[in-house]
Amino acid sequence: KMTQQMRDLQLAQARKPPGPSSPNAAKRLYRNLSGKFRVNYTSFDEGSLAGRGEKEKLRKSYLFQSNAALFEAVELQDLDRVQELLKQYSPEELDLNTPNSEGLLPLDIAIMTNNAPIARALLQAGAKESPHFVSLESRSLHLSTLVREAEQRVNELTAQVVNEAPNADCSEKEKQLKAWEWRYRLYKRMKAGFEHARVPDTPTNVHLSVASSSSVQVTFWEPLSVNSAVVTKYKVEWSCSPTFSPLLGEAVIDKLKNLHFTIRGLVSGTAYYVQVSAYNMKGWGPPQASVPPFAIPSNWREYDGRAPRRRGQAEALDHLLSQVKTVHQHCVCHEPCKNQPQSRKHSVSKSLKHLFHPGSKFLKTLKRGLYLTAIFYKDDNILVTHEDQIPVVEIDDTYSCLLMQDFLWFTKVSCMWDEILWLRQCVTVSQSSCSCILQTRFKMLLAISQMQGLLGIQDLGQVFFEPVKDKQGNILIVTLKEVKTNQTFESVRWVPICKLQTSRKSVSSPEEPTALDTLLISIQEKLTYHQRSSHALSSGLYLGYLKLCSAVDQIRVLVPERLPNILCHVKIRSNPNISREEWEWLQKMARVEEPVPAEPEAETSQNHLFQELQVAIKELMTLVNIPLQEAKDFRLYSQEVLDFGGQVSFLLLLPPSDDVCTAPGQNNPYTPRSGFLMLPLQIFELGEEG
């Protein structure tokens with residue numbers, strides 16, 4: 001039976017189009033020997049070959065040699081070389097799962113020589129075991145056959161070398177003899193590794209959690225035992241019965257980069273039991289039940305039937321805005337505007353090359369007033385005018401109104417860059433009132449339109465969270481936008497930021513820099529803020545800390561510099577879902593008067609969440625520099641879980657009611673370490689929405 005299998009395998013290899021013709025048995029074995037006896041692989045210059053056919057033949061030959069090199073590296077247990085080949089070539093180019101002439105795959109050799117590091121590297125690259133080993137008996141018979149044939153070949157070559165006189169042929173025979181002796185030892189080692197191996201132990205840390213109202217997730221680690229063979233796959237089984245009879249389903253996991261599996265399509269409110277078992281070349285090991293032993297698919301909203309807070313809000317706002325625009329289109333005051341051609345939306349690549357002709361209205365210096373500047377950057381370069389100036393336009397040279405209110409209004413306008421013309425038309429109607437606020441905001445819209453027209457681009461980017469001011473009475477509102485195209489532009493140029501900073505001739509003293517000088521000095525910090533504010537959290541459940549600080553004209557919120565669009569936080573776990581049972585326990589904990597509620601029962605999802613929260617709270621208090629004993633009066637926000645897109649959710653940790661928001665003049669005894677910002681609340685809300 002085994003002989004027939006080997007013949008079928010060799011016939012299949014001979015029929016394989018991409019491969020070269022199979023050499024005879026001796027040459028095949030010799031090809032797979034140690035580096036001393038193998039072919040030296042030469043890098044070819046394809047440009048010197050004529051014709052596509054020759055290049056294709058060369059490519060196949062090169063890939064074939066790469067496959068042989070991988071076998072060699074595995075046989076010699078050269079982990080660095082294996083990793084290098086796996087990085088350099090794709091699994092298809094390496095023929096990673098095509099058996100060699102001995103019916104073996106690289107993974108077979110790695111696991112039967114019990115080389116766990118190489119086996120793991122191959123498994124992560126998608127390597128499989130040989131499909132010809134359908135049973136333990138077939139694998140044992142195959143290895144015995146390889147050992148016997150190698151031993152027979154060694155005996156034959158030994159006799160030939162002993163009986164022949166020294167000559168060139170004899171020298172070649174001696175090389176073959178050494179090669180076959182090495183091969184014989186390898187096969188014996190593989191056979192011994194197989195015989196001494198045993199089935200794997202149970203997987204460790206098998207944890208079951210509720211992923212949604214219709215799914216549960218199981219995570220696990222590999223077995224602890226180092227005496228058994230390398231695990232090559234896992235099996236997850238689930239049932240509604242603790243005896244797993246009947247079995248509702250099973251899944252085999254052979255991609256071992258991440259050891260977790262989500263069971264979907266389950267019935268909400270039904271208990272599901274899960275167990276996991278491991279497999280190696282000796283078969284399946286015993287299953288390990290999960291902790292907790294079962295999970296019930298659910299979501300915290302099912303506790304009181306609450307609907308998602310934002311459901312339909314975006315659509316409702318879009319509809320409301322559409323209605324407002326429709327009403328204004330029929331206004332008599334807007335009739336002249338109907339005939340105006342619609343402002344064209346230029347792409348960055350078309351518009352930026354026509355920047356800043358000599359007749360443009362960009363300013364070189366600032367007088368006392370309010371200004372708008374737009375910073376476009378790419379890598380470490382910034383786009384400037386033909387006069388090497390950051391583009392600046394004037395908003396109001398007689399500005400004297402309350403800045404923060406107007407600035408926050410401007411940040412909201414930045415969400416509607418495409419609607420500036422329409423907004424101008426709306427504000428124009430009310431100008432006759434001579435309101436300082438309306439006049440200023442109309443001038444802001446004019447400045448935005450001017451900047452868009454001069455740049456030829458609608459989207460001016462994100463507003464920096466605070467204006468730049470100087471003692472001369474100048475105020476700069478800064479917008480930032482990253483340009484990700486690799487276009488070259490005529491009549492303008494990208495200037496390295498460092499060069500712009502060093503080449504600018506300052507007209508102010510170091511003690512009292514102008515707003516433009518301050519902007520240039522701090523421009524790298526602003527670019528860093530802009531980049532970080534667009535980063536997203538990885539999927540998971542987080543514990544956030546809410547701390548506010550009020551002033552006369554605004555409220556600020558504490559955020560980390562590395563992620564200023566999110567509250568101070570630590571990750572609780574990778575699963576973002578809070579189950580109904582977990583939320584019910586949190587509600588009970590919020591109602592008790594004792595500072596530390598009783599610990600829930602062991603081996604339940606509530607107990608696991610309790611332990612995760614304990615760790616997270618300690619980590620969060622250390623992060624924001626609050627002694628743990630002072631956190632005894634802190635509380636979890638129990639009204640809802642904050643959901644962000646279904647993949648990220650937050651539980652909020654709140655100080656006592658009187659300390660959530662620090663009033664003006666009130667001393668905050670716990671100052672966070674460096675690496676935090678106090679961001680205006682409205683700016684934070686815009687960043688969080690984005």
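The values are calculated or read from the model by the stated rules, or taken from the named source; none is laboratory data. Note that the coordinates shown come from a computational prediction; the quantities given were computed from them, not determined experimentally. Here Cβ is always computed from backbone atoms with ideal geometry, including for glycine, and neighbour counts include all displayed protein chains. Keep in mind that these areas ignore ligands, DNA and RNA; they rest on the heavy atoms of the full protein, side chains included. Shrake-Rupley method; radii C 1.70, N 1.55, O 1.52, S 1.80 Å.
So here's what we get for this one:
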{"item": "Per-residue HN-Hα couplings for the range 113-124 [Karplus 6.51, -1.76, 1.60; θ = phi - 60°; Hz; x = Gly/Pro]", "result": "9, 6, 9, 5, x, 5, 4, 5, 4, 5, 4, 5"}
{"item": "Antiparallel DSSP beta bridges within the range 207-298, as percent of all bridges there, nearest 5", "result": "95"}
{"item": "D_trans [Stokes-Einstein, Kirkwood Rh over alpha-carbon pairs] for the range 369-534, 4 °C, 1.567 mPa s, µm² s⁻¹", "result": "77"}
{"item": "Share antiparallel - DSSP beta bridges, the range 369-534, percent rounded to 5", "result": "60"}
{"item": "Amide H contacts under 5 Å for F464, placed H, 5+ residues apart", "result": "V478, T479, L480"}
{"item": "Pairwise Lys count, the range 369-534 - Cα closer than 22 Å, eight or more residues apart or different chains", "result": "20"}
{"item": "Computed over the range 101-172: relative contact order in percent, which uses C-alpha pairs under 8 Å that are six or more apart", "result": "25"}
{"item": "In order through the range 463-480: 3J(HN,Hα) via Karplus (6.51 cos²θ - 1.76 cosθ + 1.60), integer Hz, x for Gly, Pro", "result": "7, 5, 6, 8, x, 9, 10, 9, 7, 8, x, 8, 10, 10, 8, 10, 10, 10"}
{"item": "The range 57-196 - percent of accessible surface contributed by carbon and sulfur, probe 1.4 Å", "result": "50"}
{"item": "Peptides ranked, highest mean first, by Cβ atoms within 10 Å: ranges 270-277, 636-643", "result": "270-277, 636-643"}
{"item": "N575 long-range amide H proximity, modeled H, under 5 Å", "result": "L541"}
{"item": "Proximal charge balance of E511 [Cβ under 14 Å; K/R count +1, D/E count -1]", "result": "-2"}
{"item": "Per-bin percent of Cα-Cα distances, the range 57-196 [5 Å]", "result": "2, 10, 17, 19, 17, 14, 11, 6, 3, 1, 0"}
{"item": "Value in Å of the Kirkwood radius, where the range 207-298 supplies the Cα pairs that are averaged", "result": "13.5"}
{"item": "Amide H contacts of L642 (H built 1.01 Å from N, under 5 Å, at least 5 apart or other chain)", "result": "F650"}
{"item": "Cleavage-rule hits (GluC sites (Glu not before Pro)) in the range 91-179: DSSP loop, at most 15 neighbouring Cβ within 10 angstrom", "result": "E92, E93, E164"}
